[in-house]
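Worksheet: one structure, shown below.
Read-outs: derived from the displayed coordinates by stated rules, not from any lab. From a predicted model like this one, the values you see are computed outputs, not experimental measurements. Note: ideal-geometry Cβ built from the backbone for every residue, glycine included; neighbour counts use all protein chains shown.
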Amino acid sequence: MTSHDRPTTDADSDASAPPSPGPGPADPGTDGGADGRQVTEAALFEAFGGVRGMVETVLPGLLFVTIFTINKDLHISAIAALAVSLVLAAVRLVRKDTVKHAFSGVFGVAFGVVFAMMTGNAKDFYLPGMLYTLGLAVAYIVTTLAGVPLIGLILGPVFKENLSWRTRNPGRKKAYAKASWAWGLILLAKCAILFPLYWWADTTQLGWVLIALKIPPFLLAVYLTWVFLAKAPAPIDVFAEMEAKEKAEQEAEERRRGEREVLDRVADDVYGEIATQAATEASAPERPRGARHRR
C-alpha cells in the first residue's frame, strides 16, 4: 500500500466567512501566474511527500521482492520490509519531520505482512495495497461524479481554501474534477495490469512489476494535477478571510467600547454639573417672604 495512493489530509468543513471577491485567475504571462505555479508545486510537494515520500513508498516493497527473489523466504522478506518501514518512520520522528507519509507506509507494509503470514502466500503481501489502490481509483471517480472531487478534498486544506472551491470558485472546481478523473483512470489502468498478474504470475514477477509501477503512474498523475491547477483560478484563502473578519470584528468592538467610554464620561460630567448646581441652590440662603413689599 503506497503512501502516495493514500489521501494525506482530512477535508475540513466549509468556511463560514461571508463571500468576498477572491483572487482572480493566474495569468501565465505575469508574475502572479508564476507565483501561482510555484504555490501549486509547493502544495503538491507537501501533500504527496516529494522525493523522500517516494523513497519511503518504494523501499519496503523493493526490499521485500529483492530478498524473496534471492532466498524465497516469506518470513525474512516480510520482516525486513516492515523493519525498514519502521526505521524510516523513526528517522522522521527523530528529525521532527512530518510523519504522515512514513506512517502510512508502515501501516501499508504491516497489513501486507499480516495478510501474507495468515495465508502463507507471498503474493498476498501485495494484495492489501492493490485493493486499496482499486478502492481509491473508484473513490476518485465516484466523488467526481458526485460533484465533490476527492483531489479537491485532499488539496483544499493544503491551499488554505478548504471547500470554498465548491461554491465560490467554479473554475477551480473544474480543475479539481479533471485532476480527480486523471487520478482515477491512471489508478484503474494500474490495477488492470496488476490484478491479472496476481492470478497468473509468480510472486517475484508480480513484485518487480509492482515496483516498476510505483513511481511512473504517480508522477504522471501529479504532473497532470499540476497542469490543471496551474491554469485554474487562484485559491481563495479562507483562513485569511476569517482572520480579516475576526480583526474587523475586534476593531469594531474596540470602537464601540471607546464610544461607550466617551458617552459614560459625558454622562458623568453632565451628572456632576447637575449635582453641583443642585447643591449650590440648596445651600443658598432662602429669601424671606414678603421682603419685596416692606417698602
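Can you give the FRET efficiency for A192 and F45, using 1/(1 + (r/R0)^6), R0 = 30 Å, r = Cβ-Cβ distance, to the nearest 0.05?
0.55
Only sites in a loop by DSSP and with at most 10 other Cβ atoms within 10 Å count here; which trypsin sites (Lys or Arg not before Pro) in the stretch 71-132 make the cut? Please list the in-between numbers first.
Values: sites: K72, R92, R95, K96, K100, K123; in loops: K72, R95, K96.
Here the sparse-neighbourhood loop sites are R95, K96.
For L86 and N121, FRET efficiency with R0 = 35 Å and r from the beta-carbon atoms, rounded to 0.05?
Numbers: r = 24 Å, r/R0 = 0.67.
Given R0 = 35 Å and the Cβ-Cβ separation, E is 0.90.
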Inset, instruction - Please say if the stretch 46-147 is rounded, prolate or oblate, where rounded means a/c under 1.5 for a ≥ b ≥ c the square roots of the C-alpha gyration tensor eigenvalues, and otherwise the choice is prolate for a/b larger than b/c and oblate otherwise? - result: oblate
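Using 0.36 nm times the number of residues separating T167 and A212, minus their current alpha carbon distance, what extension gain do you get?
Values: separation 45, 0.36 × 45 = 16.20 nm, distance 3.99 nm.
Extending this stretch completely gives an extra 12.2 nm.
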Legend entry - Cross-link reach list, lysines versus K214, counting only Cα pairs under 18 Å and skipping chain neighbours closer than eight places: K123, K190
Inset, instruction - Mind computing the radius of gyration and Dmax over the alpha-carbon atoms of the stretch 57-213? Å is fine for both. - result: 18.1, 58
Legend entry - T66 versus D268: modelled label distance in nm, points set 7 Å from Cα along the beta carbon direction: 7.9 nm
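At 0.36 nm per residue, and after removing the present C-alpha to C-alpha distance, how many nm does the segment from I76 to W226 gain when stretched out fully? Display every interim value, and only then the final one.
Values: separation 150, 0.36 × 150 = 54.00 nm, distance 4.00 nm.
Between I76 and W226, full extension yields an extra 50.0 nm.
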Legend entry - FRET efficiency estimate (nearest 0.05) - Cβ-Cβ, A201 to L93, R0 35 angstrom: 0.40
